[in-house]
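The values are calculated or read from the model by the stated rules, or taken from the named source; none is laboratory data. Just so you know, these numbers come straight off a predicted model, no measurement behind them. As a convention, Cβ positions derive from the backbone with ideal geometry for all residues, glycine included, and neighbour counts pool all protein chains shown. Accessible surface areas use protein heavy atoms only, side chains included; no ligands, DNA or RNA. Shrake-Rupley method; radii C 1.70, N 1.55, O 1.52, S 1.80 Å.
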Amino acid sequence: MPLFGFRPSPDHPWITALLFILLSAVSTPAADQAKAKKADKKPGNATVDKTTAKEKKQLVKVLEKQGKTEEVIREALNTITPADRRQALQTVQAIQSFVKAVEAAEKASDSGTESIEKLLADRPKKAVEKPTLLPADIDKLMEVSLAKSGIQAASIAADGTFLRRVSLDMVGLIPTPEQVAQFEQSKDPEKRLKAINKLVDSPAFAANWAKYWRDVIRFRATETQAKRFQPLVLENYLREKFAKNTPWDEIAREMITATGSNEENPAVLLTMAQESKAEETAGEVSRVFMGVQIQCAQCHDHPTDSWKRQQFQEFAAYFSGVRSVNFSGNQIAAGQRVFGVRAAGQAAHKVANPKDPSDMQQFSPKFFLGDKSIDLPVNAPVDARRVVAASYIASQDNPWFAKAFVNRVWYALMGDTFYMPVDDLGPDRKGKNLEVLDAIATAWSKSGYDIKWLYQTIAATQTYQRESRAGDPTASDESAAGANCPTRLRADQILQNLRQVTGKPILGVKPPENARRARADMAKSKAAGVPAPLQGPAGRAILKAYQTFAFDPSTPDEDVVGTIPQALFLMNAPDLNKAVEATDGSILKKILDESSNNDSAALKALYERTLARLPNSDEQKVATDYIKEVGNRNQAFEDLFWSLLNSAEFLSRR
């Protein structure tokens, strides 16, 4: 095997010995090396001959230690040539150059590390204080905005309407008839605030919002291999964080800087969702955590915003030097493989010049928002790059970090928000009611990014608790909404509420009849790396049902429309049709038995269970007439139950 261009001959092992004799010069004291260099100016002179003689003596000693015979030693001394020595010296020089390069790189790396440590030490420290912003303060700001727009605010919603809305918003579930009745009968003036706090403190709150953020990331993922990007693992990670009320900046920092396997550190899944590619990761980090769509400047300056290609590539340089890898090796079965993110190759961010693909441009990491960013060294370590990026992004001196989260939460709870789309903010965007956004974002930032405080505060406002209406005909995109606007439920919420209302899991398929075949399907799915909850026929049905109703939560609600597959699912799903039947053990059978001689009471109970409210007079009359027309009580109520589950009201929060 050649060593720096030198290939020892198996017929002449003494050449290798000569090489290592010459290598000893590397450790020769500097004074001696200078003396030898001065003497060795003229090739072929006595000094060179003397040096060669000395090397031959050393060669004899080395070969004797190797146990070589006198004949071999004599042959070595007689056959050594100046060319052999020159080749060995060239190899020594190559090794010396390599050692110097390594030492220089280590010195530069140490210098870069020191500068990064100083940069991080100089960054503002997080300061947490108790928020002073009250729900009433937000209402006052909204009242001023409504008055300027000439919009009449809607009335405060009834208790039942409020409880259904806040239950869906916080935990994703419709309240039970018993919960609605208890809430409506309570005379406690603080009952709404207590209900909000109870819901936010429940495990279901963490589960509901973990699904939301899972979908925020999943719908923009470029990684298509389920074994590499696992949404359920990401969801579990987020659920644990929300359950502990981990501050949002800490979650963001973890996800931005994460490396390792997704089993030990699920936070890597944000990077893995983008195949660990620097440019894709940069665009997604900016969109998710700051609401800034800088990825449009990837190849050229942004066509409408102020972002330049230079700025995007400098930001992308923070995320270079990693790749998605298999952490478990190829000998492990596919279903047991563990993937993750690992530093690999050069950290330097190099991309082709769009005008000249042969010109590879190199970019130093730099943050594009604000004027406090400092260029990192080109060779800054991979881990350090991401830590610095996180220090700029998830920081109290970056207002867009707080605004992006508040903008999303306000939209999810109000159906209207300050910037639309919810992930397209930034200094070049025009929003509305920005004094409200600034007040909330500033207070939330000072709170240390307390997630639960934000939800509790917004839900406690009269602005949130107003009646819903689709929109005000006199309002414009620049005007505040004087009501809570209806929005469609997420896929997971629809399926959860179908199950809660009917008492049966609704998957849209018949249960498998052949248990042995079902087990075989599950084993096959497991071998393919499919997560346990999605294995087998039932798992595939869950996934298909979810995909039928799923949509990107970053999409404006007016762009989220019902589809033919959704309508067919609700109309024809065999398990749903069976669940609405008035058969023994069913929810409807229980309702009808408890009101055997009172259709009006049964109808009220059905509305309370399905929509968390009583029917109005018109609905009562239409239903009563239909029951009489059909002439079969069970069949008529089955049709009514099915109709309510297919209604727009059931499929939305309002």
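Looking at the structure I just gave you, is GLU284 more than 25 Å from VAL378 (Cα to Cα) and not basic (Lys, Arg)? In short, no.
Among the criteria (1) open to solvent by 30 Å² or more (accessible area, probe 1.4 Å); (2) assigned to a loop (DSSP other than H, G, I, E, B), the one ASP359 does not fulfil is (2). When LYS241, LYS227 are screened for being more than 23 Å from PRO399 (Cα to Cα) and more than 10 Å from the chain's Cα centre (by Cα), only LYS227 passes.
For the stretch 227-317, the helices (runs of 4 or more DSSP H) that sit wholly inside it and include 2 or more residues that are more than 25 Å from PHE367 (Cα to Cα) and at pLDDT 90 or above are 231-243.
Among GLY370, GLY329, which is at positive phi, open to solvent by less than 60 Å² (accessible area, probe 1.4 Å) and not aromatic (Phe, Trp, Tyr)? Just one listed residue meets the conditions, GLY329.
The number of residues in the stretch 117-161 that are assigned to a helix (DSSP H, G or I), open to solvent by 60 Å² or more (accessible area, probe 1.4 Å) and charged (D, E, K, R) comes to 6. When you look at LEU498, is it modelled with pLDDT of 80 or more, open to solvent by less than 30 Å² (accessible area, probe 1.4 Å) and not β-branched (Val, Ile, Thr), yes or no? Against the criterion (modelled with pLDDT of 80 or more, open to solvent by less than 30 Å² (accessible area, probe 1.4 Å) and not β-branched (Val, Ile, Thr)), LEU498 qualifies. Quick one: would you say ASP450 is of a type in the set (D, E, K, R), at pLDDT below 95 and at negative phi? It is false that ASP450 is of a type in the set (D, E, K, R), at pLDDT below 95 and at negative phi. Could you check how many residues of the stretch 598-617 are closer than 18 Å to TRP642 by Cβ, in contact (Cβ under 8 Å) with a residue 40 or more places away in the chain and open to solvent by 50 Å² or more (accessible area, probe 1.4 Å)? Residues in the stretch 598-617 being closer than 18 Å to TRP642 by Cβ, in contact (Cβ under 8 Å) with a residue 40 or more places away in the chain and open to solvent by 50 Å² or more (accessible area, probe 1.4 Å): 2 in total.
Restricting to the stretch 540-597, name every residue that is small (Gly, Ala, Ser), open to solvent by less than 60 Å² (accessible area, probe 1.4 Å) and either part of a helix (DSSP H, G or I) or over 30 Å from ASP423 (Cβ atoms) (or both). Hits for the stretch 540-597 are ALA541, ALA545, ALA567, ALA573, ALA579, ALA582, SER586, SER595. Close contacts from the stretch 398-416, counting a first residue that is free of Cβ contacts under 8 Å to residues at least 60 places away in the same chain and a second that is of a type in the set (Gly, Ala, Ser) and surrounded by 22 or more Cβ atoms within 10 Å (Cβ to Cβ), with Cβ to Cβ under 7 Å and a gap of 6+ residues or different chains, come to PRO399/ALA441; ALA402/ALA441; ALA402/SER445; VAL406/ALA441. No other residue among LEU454, LEU425, LEU437 is under 30 Å from GLY160 (Cα atoms) and in contact (Cβ under 8 Å) with a residue 40 or more places away in the chain apart from LEU454.
Figure legend. Inter-residue proximity from the stretch 629-654: first residues in the same structural domain as GLN496 (by TED's automatic domain parsing) and at positive phi, second residues in a strand (DSSP E or B) and not β-branched (Val, Ile, Thr), beta-carbon distance below 6 Å, spacing 6+ or different chains. No pairs are indicated. Summed over the stretch 318-356, the residues that are at pLDDT 90 or above and assigned to a helix (DSSP H, G or I) give a count of 2. For ALA623, the conditions (1) without any contact (Cβ under 8 Å) to a residue 60 or more places away in the chain; (2) in a helix (DSSP H, G or I); (3) touching a Phe, Trp or Tyr at 6+ places or on another chain (Cβ under 8 Å) are fulfilled apart from (3).
Checking each residue in the stretch 212-237 for being open to solvent by 30 Å² or more (accessible area, probe 1.4 Å) and touching a helix residue (DSSP H, G or I) at 6+ places or on another chain (Cβ under 8 Å) picks out ARG218, ARG220, THR222, LYS227, ARG228, GLN230, PRO231, LEU232, VAL233, ASN236. Filtering ILE196, ILE217 for residues that are farther than 21 Å from SER167 by Cβ, in contact (Cβ under 8 Å) with a residue 40 or more places away in the chain and out of contact with any strand residue (DSSP E or B) (no Cβ under 9 Å at 6 or more places or on another chain) leaves a single hit, ILE217. Close contacts from the stretch 350-379, counting a first residue that is in the same structural domain as GLU279 (by TED's automatic domain parsing) and a second that is among the β-branched types (Val, Ile, Thr), with Cβ to Cβ under 7 Å and a gap of 6+ residues or different chains, come to GLN361/VAL351; GLN362/VAL378; SER364/VAL378; PRO365/VAL388; PHE368/ILE294; LEU376/ILE116; LEU376/VAL388.
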